[in-house]
Amino acid sequence: MTHDSTAIVTGGGSGIGQAIAVELATQGHDIVIADIDEAAMEKTQDLVESKGQTARAIHTELGNEDSVESTVETVIEEFGSIEILVNNAGIAGPTTPCEEVSTDEWDLTVDVNLTGPFTMCRSILPQMKDAGYGRIVNIASVTGKRPLVNRTPYATTKMGLIGFTRTLAAEVGEHDINVNAVCPGSVDGPRIKQVFEKQAEASGRTYEEVRSEVETESPRNELVKRENVAELVAFLCSDRAGQITGQDINISAGKVMY
C-alpha cells in the first residue's frame, strides 16, 4: 500500500477487536474504533496512539442503520478515505435450545452479527469503489462451518457471514477490493469465559470441565490467542495478500480443518 490508510475496526474496544486495532496500528494504519463501550474505546485509543498512529473513537450501534451511516460519514469527513474495514463486533447470543430462544434474542443477534457488517459494507463500498481500493475482513467463526448445539442464533449469523463474504468478494473484486473472513476457534479471554460458564450451567458441569473439553478438541490442546487472530487480519489487509479474496480462513489450533 503506497498511500496513507485508515482502518475502521468495529468492536475495537476490547478482546479480538482491540488486538486487531493495535496490530493494524503497528503496521502503520490510522485506526477508527467503532464501539459502544466508551471506556474500552478510550483504552484502545491510547494503545493505538502509543504506536504513533492517529486514533479516533466513535460510538457506533451496529444494530442502528443511522448510527452506522453517521460513523462512516464522520470518518470520511475527518480522514478523507477508508481503506480497511474489519467487521469484528459480535455478540454470543443466547445459550439455550431453539424452542426457548425469544424473538428479541434472535433479532438482536442477527442485527449485530450479520446486519451490522452488511450495513457497514453498504455504507463504505461506494467510497472504496471510487478509490479503486479496499480491504474488508469479516470476523466469522469456526461455528460458521459446523453446528453448535443450543446456539442457533449465533451459528446462523456466522454461517451467513461466510456466505456474505464470498458473494461480496465476487461483486467487488474488479475494483481491487478484497473481502475475506477469518474464522477463529475459541479465543481465550473474558468473552469465552462467559460462554463456558453458560454452557456449564446449562449442562450441569463445572466451568473447568467445559473448558477442558473445548481445549482437547484441538490437536494442540489449547485455545486461540487473540494476538494471532490480529496478525492474520493484518496480513489479509496488506498488499501481500492482494490475490486472496472470498476466503474463510480458520485460526483454530487445528480444531476445524475445512
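A few notes on this one:
- Spans of helices (runs of 4 or more DSSP H) in segment 167-258 with at least 1 residues in contact with a strand residue (DSSP E or B) (Cβ under 8 Å, 6 or more places away or on another chain), closer than 23 Å to Met128 by Cβ and modelled with pLDDT of 95 or more: 226-236
- Among residues of segment 121-152, those that are of a type outside the set (Lys, Arg), closer than 16 Å to Gly163 by Cα and assigned to a helix (DSSP H, G or I), counted: 4
- Subset of segment 144-172 that is free of Cβ contacts under 8 Å to residues at least 40 places away in the same chain and not charged (D, E, K, R) - its residue that is surrounded by the most Cβ atoms within 10 Å (Cβ to Cβ): Ala155
- Single residue of segment 233-250 satisfying the filter (buried (at least 21 other Cβ atoms within 10 Å of the Cβ) and among the aliphatic types (A, V, I, L, M)) that is farthest from Thr165 (Cα to Cα): Ala234
- Selection of segment 195-220 for residues being among the basic types (Lys, Arg) and under 24 Å from Gly90 (Cα atoms) yields Lys198, Arg211.
The values are calculated or read from the model by the stated rules, or taken from the named source; none is laboratory data. Since we're looking at a predicted model, the values are computed, not measured. Cβ atoms come from the backbone with ideal geometry, glycine included; neighbour counts cover every protein chain shown.
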